[in-house]
Amino acid sequence: MLIIMVAYLGVTAYGSYQIQANYFIKSISYGKKKSIALTFDDGPDPKTTPKILDILREKNVKATFFVIGKKAEKYPELLRRIGEEGHIIANHSYSHNYLIAFFSTSRLTKDLQCCNEIVFEALGKTPAFFRPPFGVTNPRYSKALKSNGLQSIGWSLRSMDTKARSKYKLIDTVISKLKRGDIVLLHDSLSVTADALEDIIEHIATKRIDIEPLSKVINKEPYV
Ligand SMILES: [Zn+2]
């Protein structure tokens with residue numbers, strides 16, 4: 001177990017470096033505009049995603065949700081709510097398997113395709129944006145992405161919400177690092193993120209920075 005944890009931490013730290021360096025595949029990790037985009041990974045989660053959606057609706061902010069296919073399959077009503085409230089739904093793989101970087105090309109292709117099909121069933125639209133689990137890519141991803149019509153999306157601001165011990169720490173990390181053009185990485189599967197979100201949005205407003213949908217910030221269509 002310890003070995004798995006150490007390997008996992010090493011992989012996530014490496015992935016963060018790698019996705020911005022475009023090491024194996026070309027990922028978009030920065031916006032082209034003065035506005036920023038909020039992105040949420042690892043949902044939908046029945047406990048925390050509704051809270052996040054409530055705050056986004058109240059603040060009239062549109063975000064992007066990189067959903068895990070197997071969770072979306074379990075909570076299709078939540079997936080539909082995300083789409084109906086005007087947020088972008090994007091692909092974060094079906095399995096989110098921690099060994100996904102070791103999948104063969106055909107298994108990887110099927111995994112990504114499966115997530116797209118679940119979204120299509122719920123929304124009638126096929127995602128064009130994909131974020132690799134743990135930010136780790138390899139040459140097999142380029143084929144898997146191409147055959148699914150997916151564009152890899154990274155991030156420029158890692159909120160570290162997965163490690164944040166309090167909502168105040170999380171708010172501080174995001175606000176102190178934030179700059180125009182950022183793609184902010186958050187997780188809608190975490191209660192600390194749900195608790196911090198309202199303050200984060202208010203702080204961004206006081207900096208007079210607009211939050212826009214990812215598709216606008218990077219000037220790309222979110223669906224195939
Ligand atoms: Zn993830």
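A compact table of results
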read-out: Only one of D195, D172 that is in a helix (DSSP H, G or I), acidic (D, E) and in contact with a helix residue (DSSP H, G or I) (Cβ under 6 Å, 6 or more places away or on another chain); value: D195
read-out: Any hit, the range 160-178, residues being buried (at least 20 other Cβ atoms within 10 Å of the Cβ), within 21 Å of D210 (Cα to Cα), in contact with a Gly (Cβ under 9 Å, 6 or more places away or on another chain) and touching a residue at least 12 places away in the same chain (Cβ under 8 Å); value: no
read-out: A72 being within 16 Å of the ligand (Cβ to nearest atom), more than 27 Å from L53 (Cα to Cα) and either at pLDDT 95 or above or touching a Pro at 6+ places or on another chain (Cβ under 9 Å) (or both); value: no
read-out: Selection within the range 84-115 - within 30 Å of K59 (Cβ to Cβ) and either surrounded by fewer than 18 Cβ atoms within 10 Å (Cβ to Cβ) or in contact with a His (Cβ under 8 Å, 6 or more places away or on another chain) (or both); value: E84, E85, G86, C115
read-out: Search result, residues across the range 87-101 that are under 16 Å from K220 (Cα atoms) and in a loop (DSSP other than H, G, I, E, B); value: H87
read-out: Selection count, the range 196-224, where residues are under 18 Å from the mean Cα position of the chain (by Cα) and either modelled with pLDDT of 95 or more or buried (at least 17 other Cβ atoms within 10 Å of the Cβ) (or both); value: 17
read-out: Residue that is nearest to the chain's Cα centre (by Cα) [pool: residues in the range 93-147 that are away from the ligand (no atom under 16 Å from the Cβ) and among the hydroxyl-bearing types (S, T, Y)]; value: T126
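The values are calculated or read from the model by the stated rules, or taken from the named source; none is laboratory data. Please read these numbers as outputs of a predicted model, since none were measured by experiment. Cβ sites come from the backbone with ideal geometry, for glycine too, and all protein chains shown count toward neighbours.
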